[in-house]
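S.K.: Below you'll find the structure I mean.
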Amino acid sequence: MSVQSLQEEKNRLRHAEAAQENWTVLEAATLLRLPLMELLFKAQSIHRTHFNPNQVQLSTLLNIKSGGCPEDCGYCPQSARFETDVQASGLLDVATVAKAALAAREAGATRFCMGAAWRAPKDKDLDQVIPLIQAVKNLGMETCVTLGMLRPEHAAKLKDAGLDYYNHNLDTSPEFYGTVISTRTYQDRLDTLASVRDAGINVCCGGIIGMGETIEDRASLLCTLANMPTQPESVPINMLVRVKGTPLEAQPKIDSFEMVRTVATARIMMPKSFVRLSAGRQEMTDEAQALCFFAGANSIFYGEQLLTTDNPLTLDDRHLFDRIGLTTATAAHG
Ligand code: SAM
Ligand code: DTB
Ligand code: SF4
């Protein structure tokens, strides 16, 4: 490396370090506990410096490989370890996926997200997913997949296939994580996220609230996300869907204001990321969802099914957008 390029590299690293945020758990927890009006005002003020406050981006999910997963994520109906109503199935074919993506595009979604109940894809699995990504891309939609843990060479292959986003959630704080999942570590998740980032794929990473975690756990999750060298482009905030047969089925339902607060705090800590109001909308009133949009949520999962559970009807979502004057993004965004 020449002296000049060494200097350039040093400058780049210095710049990257300067750009990295250093949020503390105390700061994040303080935000989460603010009087709601204070928190909402802060979040909305930041939101409108980076985004159109009246616009929401729509992503549609499809479960391309259902159930039979060897992992033990305590929230998940697709784990083979729990007795739930989910049936294990093979990978969907290109025609089925393309048909679903076209329907999603016609309904107004700009991104199509495909999920597979795998611990990690095998080489053969990846080869079969690539034509699915290409079929969706050919429809002019943004593509996202969530396939479990990813090695750097798999991430590079997905990038070459034209993948726009990879979803891999941290789910909760490093401290609480072990009470929910035992078959993979927090570090495994961080390694996957690093592979995705290094491959040049946009990172979609967030978590779940309502699993019995404390406010400090939520704060710690948000700090882990916000303090990444580059913040995720997309941050899904899920409310636990309490599915019968999973270890977390009997968790008490959380107050919707908890979702509003978590979204607002994510917005403040990650001002340029798309914050997605994700699982759990089915259990929220229209008014609570509107508050989440005011708090800075600017993306949703849109379509009548999440992976295995129900999501609001598209007609109802459209009706809500009309009533509160939200427009939907038509171009490719975050
Ligand atoms: N198997 C892959 C993995 O775990 O990375 C991809 C699919 S997995 C179902 C994707 C994410 O969905 C999980 O990380 C979790 O955040 C979310 N999820 C799963 N079940 C959920 C539930 N019952 N409630 C809320 N979010 C859930
Ligand atoms: C994310 O954060 N939430 C989505 C998506 N990424 C893959 C999944 C929610 C799943 C909810 C339970 C189910 O439908 O199985
Ligand atoms: Fe498997 Fe993913 Fe469900 Fe965990 S969240 S059990 S890895 S499908």
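The values are calculated or read from the model by the stated rules, or taken from the named source; none is laboratory data. Because the structure is predicted, anything quoted here is derived from the model rather than measured. Note that we place each Cβ from the backbone using ideal geometry, even for glycine, and neighbour counts take in every protein chain shown.
S.K.: Yes or no: GLY74 buried (at least 20 other Cβ atoms within 10 Å of the Cβ), assigned to a strand (DSSP E or B) and among the small types (Gly, Ala, Ser)?
M.R.: Taking the combined requirement at face value, the residue does not satisfy it.
S.K.: Starting from region 57-71, keep only residues that are at positive phi, then list their pairs with residues that are assigned to a strand (DSSP E or B) whose Cβ atoms are within a distance under 9 Å, requiring at least 6 positions of separation or different chains.
M.R.: Hits for this filter: GLY67/SER79; GLY68/SER79.
S.K.: Within region 54-71, can one find any residue that is of a type outside the set (D, E, K, R), surrounded by fewer than 17 Cβ atoms within 10 Å (Cβ to Cβ) and more than 16 Å from ligand 3 (Cβ to nearest atom)?
M.R.: yes
S.K.: OK, next. Restricting the search to region 274-302, which residues are within 11 Å of ligand 2 (Cβ to nearest atom) and on the phi > 0 side of the Ramachandran plot?
M.R.: Matches in region 274-302: GLY280 only.
S.K.: Regarding region 137-149, can at least one residue be identified that is over 18 Å from LEU307 (Cα atoms), free of Cβ contacts under 8 Å to residues at least 24 places away in the same chain and basic (Lys, Arg)?
M.R.: Among the residues of region 137-149, not one is over 18 Å from LEU307 (Cα atoms), free of Cβ contacts under 8 Å to residues at least 24 places away in the same chain and basic (Lys, Arg), which makes the answer no.
S.K.: Would you call GLU233 closer than 18 Å to CYS76 by Cβ and either modelled with pLDDT of 95 or more or of a type in the set (Ser, Thr, Tyr) (or both)?
M.R.: No; evaluated as a whole, the condition is false for this residue.
S.K.: Against the definition (over 21 Å from the mean Cα position of the chain (by Cα), farther than 30 Å from GLN55 by Cα and within 16 Å of ligand 1 (Cβ to nearest atom)), how does LYS157 come out, yes or no?
M.R.: no
S.K.: Would you list the helices (runs of 4 or more DSSP H) that sit entirely within region 253-334 and hold 2 or more residues that are within 15 Å of ligand 1 (Cβ to nearest atom) and hydrophobic (A, V, I, L, M, F, W, C)?
M.R.: 256-269
S.K.: Continuing with the same structure: Which one is surrounded by the most Cβ atoms within 10 Å (Cβ to Cβ), of the residues in region 229-258 that are of a type in the set (S, T, N, Q) and away from ligand 3 (no atom under 14 Å from the Cβ)?
M.R.: Taking the candidates together, the pick is SER234.
S.K.: Given the residues LEU326, LEU320, LEU291, LEU306, which is the only one that is within 16 Å of ligand 3 (Cβ to nearest atom) and touching a residue at least 24 places away in the same chain (Cβ under 8 Å)?
M.R.: None of the other options fit; the residue is LEU306.
S.K.: Going by the structure shown, is PHE301 surrounded by 23 or more Cβ atoms within 10 Å (Cβ to Cβ) and under 28 Å from ASN202 (Cα atoms)?
M.R.: On the way: surrounded by 23 or more Cβ atoms within 10 Å (Cβ to Cβ): yes; under 28 Å from ASN202 (Cα atoms): yes.
Criteria met by PHE301.
S.K.: Still on this structure, please answer the following. Given the conditions (1) outside any loop (DSSP other than H, G, I, E, B); (2) hydrophobic (A, V, I, L, M, F, W, C); (3) out of contact with any Cys (no Cβ under 8 Å at 6 or more places or on another chain), report the number of the one that LEU92 does not fulfil.
M.R.: Tallying (1) outside any loop (DSSP other than H, G, I, E, B); (2) hydrophobic (A, V, I, L, M, F, W, C); (3) out of contact with any Cys (no Cβ under 8 Å at 6 or more places or on another chain), LEU92 fails exactly one: (1).
S.K.: Scanning for something at pLDDT 95 or above and over 30 Å from ARG318 (Cα atoms), does region 35-44 turn up at least one residue?
M.R.: The answer is yes, given that some residue of region 35-44 is at pLDDT 95 or above and over 30 Å from ARG318 (Cα atoms).
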